[in-house]
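See structure below.
The values are calculated or read from the model by the stated rules, or taken from the named source; none is laboratory data. On a predicted model such as this, the values are computed, not experimentally measured, just so you know. Backbone-built Cβ (ideal geometry, glycine too); neighbour counts: all protein chains shown.
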Amino acid sequence: MILHHDFIAIAKKFAKKTGIDDRMTGMTMTYERVLIAALILAKKLSSYEDRHIGIMVPTSLGAILSILATVFLKKIPVMINYSTGAEANCRLAQKTCAFTTIVTSRALLDKIKCPLVPGMVCIEDLLKTVTTLDKLKAALKAKRSAAAIIASLPPADPEDTVVVLFTSGSEKEPKAVPLTHRNISTNLDDATKALPISHADTIFSILPLFHVFGYTVNCWLPMTLGMTTLTYANPLEYRKVAQAIKSAKPTVMAGTPSFFAGYLRESEAGDFASLRLVIPGADKTPEWLREGYRQKHSIELLEGYGCTETSPIISVNTPTCNRPGSIGKPLGSVQAKIVAPETGAELPRGSEGKLLVKGDSVMKGYLNPEDTAKSLVDGWYDTGDMAVIDADGYIWHKGRYKRFIKVGGEMVSLVKTESVLEEVLPSGVECCVVESADEFKGSRLAAAISQSVDEDELVRKLSAKLPAIAIPKKFIVIPELPKMGSGKIDFRTTAKMVGELLSKK
């Protein structure tokens, strides 16, 4: 239940095995070297008094070492999103969690043109201060038994906060979510029982670590299981990622549908032959993407689902229990129920309503108690998602509760319209359905699409599948739909862009 204790035990057990292979820098470290490097970095960070330490480093060897070193000190990593307004996100994190120090990378700051924020410490500068004596002391410490190394660190408890993450902010302002060792350890234990993964696997880690999916699955899962981790800092380099998969031959990969769509487009048949477990999450997986992987790579995408507040995995399809289109069955320790949005009364199987979940992987609460009171009651976390649990226990995601609007007195699901729109659009064309206010007719639907299409033909196809009130009245072409760092479409920004473009027409 103590993540870094589990890592230390694994590092001792698999000392000579490759722990991290950074595919962008070419640096490779055995588990023993990862342990030594983390001890060295912990010593360097120990001089900073902050209880919280901001970490803004792309998915890499340096990012994982920064997390390990911070947790070794019983300090709390605050993972900062550098993909959407890095400077503002740094200042928000510092203010929210009352800290100053942020570990970052000078190379990243230069690339994203982010100025130095007071409190920033560049990992390149820290490494320059490492002496031969530092290396010797850490190497000698790493030679001790796992129990002795653990005893030399500050005492830790399963209920200690091990990270603060921020929700995506795709629909509203980000909220700060503290997760404990117990939260994440429970999620990892559940995942390894549900999925056929072990220390013999090699995981390709491309998810940003400021996103809970990346933090848990691309950092702690391999580091506590003994897998080899292949890191790649920029998941948007689709062709290079596809080439790296072909050459490095990972066996496990998790990502978002948006990323997987790019890899499908830029890969050739046979490139992904080594992959036996491919799990998309963080957004809905369209059927054309599932079929694309079946046809081109003979891979069955096993869709999963989760939230920042649940560490994150709530449910997942598995090789032996897979119902395409669903988001799988709940993990072993996760309780799930469907309730009526208006009354909160539990509904029977097969009924559509709001999804609530409970279990040890669910957060204790947000940093802001007012936010907690709205989302967490008697241990049950309100996901804010509409869903159905079928007779066999599979969960079917029906969309965000807040992504329903009233049109002509009827409730219309924007996600339902998106799903049907994806079916009739040409393969690979992205879409996002938003509310479009009309001063005479009230709320109506508009759709942002990434490519021009024959609108009359599109409406004709939609009319065969949707009622008139659920068909977008306007189609706005936005070649690059705005995305969050996780690859999820940024609904708020998209809606704003659509509104601005419509106002000019």
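Scanning segment 333-354 for residues that are touching a residue at least 40 places away in the same chain (Cβ under 8 Å) and closer than 13 Å to ALA387 by Cα yields a total of 8.
Just one of LYS141, LYS111, LYS95, LYS135 is among the basic types (Lys, Arg) and surrounded by fewer than 12 Cβ atoms within 10 Å (Cβ to Cβ); which is it? Break it down into steps so the answer makes sense when it comes.
Details: LYS141 fails: surrounded by fewer than 12 Cβ atoms within 10 Å (Cβ to Cβ); LYS111 fails: surrounded by fewer than 12 Cβ atoms within 10 Å (Cβ to Cβ); LYS135 fails: surrounded by fewer than 12 Cβ atoms within 10 Å (Cβ to Cβ).
Criteria check complete, one pass: LYS95.
Among the criteria (1) hydroxyl-bearing (Ser, Thr, Tyr); (2) touching a helix residue (DSSP H, G or I) at 6+ places or on another chain (Cβ under 9 Å); (3) under 23 Å from GLY379 (Cα atoms), the one THR186 does not fulfil is (2). Would you check if there is a residue in segment 17-36 being acidic (Asp, Glu), touching a Cys at 6+ places or on another chain (Cβ under 7 Å) and under 30 Å from GLU237 (Cβ atoms)? Taking every residue of segment 17-36 in turn, none turns out to be acidic (Asp, Glu), touching a Cys at 6+ places or on another chain (Cβ under 7 Å) and under 30 Å from GLU237 (Cβ atoms). If you check VAL357 against the conditions, is it under 16 Å from THR308 (Cα atoms) and free of Cβ contacts under 8 Å to residues at least 60 places away in the same chain? Yes. Given the criteria of a type in the set (Val, Ile, Thr), in the same structural domain as LEU136 (by TED's automatic domain parsing) and under 24 Å from the mean Cα position of the chain (by Cα), does ILE10 qualify? Judged against the criteria, ILE10 is not a match.
Hey, which of the helices (runs of 4 or more DSSP H) in segment 1-89, taking only ones fully inside, have at least 1 residues that are within 15 Å of THR101 (Cα to Cα) and at pLDDT 95 or above?
On the way: elements: 3-13, 31-45, 61-72.
Hits in segment 1-89: 31-45, 61-72.
Any idea which of THR229, THR129 is polar (S, T, N, Q) and more than 18 Å from the chain's Cα centre (by Cα)? The unique qualifying residue is THR129. Within segment 370-380, is even one residue closer than 30 Å to PRO324 by Cα, buried (at least 20 other Cβ atoms within 10 Å of the Cβ) and in contact with a Leu (Cβ under 9 Å, 6 or more places away or on another chain)? Scanning segment 370-380, I find no residue that is closer than 30 Å to PRO324 by Cα, buried (at least 20 other Cβ atoms within 10 Å of the Cβ) and in contact with a Leu (Cβ under 9 Å, 6 or more places away or on another chain), so the answer is no. Is it the case that ALA269 is at pLDDT 95 or above and in a loop (DSSP other than H, G, I, E, B)? Yes, satisfied.
Please work out if THR100 is assigned to a loop (DSSP other than H, G, I, E, B) and closer than 13 Å to GLY54 by Cβ. Explain how you work it out, then say what you get.
Values: assigned to a loop (DSSP other than H, G, I, E, B): yes; closer than 13 Å to GLY54 by Cβ: yes.
Taking the combined requirement at face value, the residue satisfies it.
The one condition from (1) over 25 Å from ALA11 (Cβ atoms); (2) surrounded by fewer than 18 Cβ atoms within 10 Å (Cβ to Cβ); (3) at pLDDT 95 or above; (4) not hydroxyl-bearing (Ser, Thr, Tyr) that LYS193 does not meet is (1).
State all residues of segment 323-337 that are closer than 20 Å to GLU303 by Cβ and touching a Lys or Arg at 6+ places or on another chain (Cβ under 7 Å); if no residue qualifies, say none. Scanning segment 323-337 gives PRO324, GLY332. VAL412 satisfies every condition listed in (1) within 18 Å of ASP283 (Cα to Cα); (2) touching a residue at least 40 places away in the same chain (Cβ under 8 Å); (3) in a strand (DSSP E or B); (4) in contact with a helix residue (DSSP H, G or I) (Cβ under 8 Å, 6 or more places away or on another chain) except (1).
Quick test for you: out of GLY54, GLY26, pick the one residue that is of a type outside the set (D, E, K, R), crowded, with 24+ Cβ neighbours inside 10 Å and out of contact with any Leu (no Cβ under 9 Å at 6 or more places or on another chain).
GLY54 is the lone residue from the list that is of a type outside the set (D, E, K, R), crowded, with 24+ Cβ neighbours inside 10 Å and out of contact with any Leu (no Cβ under 9 Å at 6 or more places or on another chain).
Please go through segment 238-281 and give me each residue that is farther than 22 Å from THR318 by Cβ, among the charged types (D, E, K, R) and either in contact with a strand residue (DSSP E or B) (Cβ under 8 Å, 6 or more places away or on another chain) or assigned by TED's automatic domain parsing to the domain that holds THR25 (or both), ordered by number. Once the filter is applied, which keeps residues that are farther than 22 Å from THR318 by Cβ, among the charged types (D, E, K, R) and either in contact with a strand residue (DSSP E or B) (Cβ under 8 Å, 6 or more places away or on another chain) or assigned by TED's automatic domain parsing to the domain that holds THR25 (or both), segment 238-281 yields only LYS249. Within segment 146-165, the set of residues being surrounded by fewer than 15 Cβ atoms within 10 Å (Cβ to Cβ) and over 30 Å from CYS90 (Cβ atoms) comprises ALA147, ALA148, ALA151, SER152, PRO155.
Tally up the residues in segment 44-84 that are of a type in the set (A, V, I, L, M, F, W, C) and farther than 21 Å from PHE7 by Cα, please. Adding up the residues that qualify gives 2. A search for C-beta distances below 6 Å between a residue of segment 53-74 that is more than 16 Å from LEU153 (Cβ to Cβ) and any residue that is polar (S, T, N, Q) and assigned to a loop (DSSP other than H, G, I, E, B), counting only pairs 6+ apart in sequence or on different chains, returns VAL57/SER105. Scanning segment 279-292 for residues that are crowded, with 22+ Cβ neighbours inside 10 Å and either within 20 Å of LEU230 (Cβ to Cβ) or touching a Lys or Arg at 6+ places or on another chain (Cβ under 9 Å) (or both) returns ILE279, PRO280, GLY281, ALA282.
The set of residues in segment 230-247 that are buried (at least 16 other Cβ atoms within 10 Å of the Cβ) and of a type in the set (Gly, Ala, Ser) comprises ALA233, ALA242, ALA244.
Could you grab me the full set of residues in segment 37-59 that are among the charged types (D, E, K, R) and either more than 26 Å from the chain's Cα centre (by Cα) or closer than 26 Å to ASP110 by Cα (or both)?
We begin by selecting, within segment 37-59, every residue among the charged types (D, E, K, R); these are 43-44, 49-51.
LYS43, LYS44, GLU49, ASP50, listed by residue number.
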